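To start, the structure itself, in structure tokens.
The values are calculated or read from the model by the stated rules, or taken from the named source; none is laboratory data. In this text the structure is predicted, and so the values were computed from the model without any measurement. Using ideal geometry, Cβ is built from the backbone for each residue, glycine included, and neighbour counts are taken over all protein chains shown. Each accessible area value is taken on the protein alone, full model and side chains, heavy atoms only, with ligands, DNA and RNA left out. Shrake-Rupley method; radii C 1.70, N 1.55, O 1.52, S 1.80 Å.
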Amino acid sequence: VQLQASGGGLVQAGGSLRLSCAASGSISSNNVMGWYRQAPGKQRELVATITGGGSTNYANSVKGRFTISRDNAKNTVYLQMNNLKPDDTSVYYCQIKFALGNWYTYWGQGTQVTVSS
């Protein structure tokens, strides 16, 4: 299984970015896809997750500003980030989890998001 993330970049505070992550390989249709982020010197933290049925979960810090969505036919997850703040500056990682007998978790390579003040 491979995850290919894209869409990071440099943006001013108040701006927007859209991240994409496409998963390929042998993936169960019953999966959860999500975005996590890790700033320098900090632990990786949850940003948002979405199930195949569309149920979502967000970190409190991004509620109302970020929207996670997915295209099941393409095994692709998106993260629309609006009203970005300097504190959102991090490397963003996509993740997919699914069960095929055992539970499997895979990570994308990470994409840098930098928000200038």
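Points to keep in mind about this one:
- Spatially proximal lysines relative to residue 63 (Cα-Cα < 17 Å; intrachain offsets below 8 disregarded): 85
- Taking every protein chain into account, the 1.4 Å probe leaves residue 74 with about 130 Å² of accessible area, to the nearest ten.
- The chain: projected area of the alpha-carbon convex hull, averaged over directions, in nm²: 6.9
- Ordered from largest to smallest accessible area (heavy atoms of protein chains, 1.4 Å probe), the residues 71, 87 come out as 87, 71.
- Placing dummy labels 7 Å off each Cα toward the beta-carbon, the span from residue 97 to residue 30 is 1.5 nm.
- Point-charge dipole on Cβ atoms (K/R +1, D/E -1) for the chain, about Cα centre, debye to 20: 80
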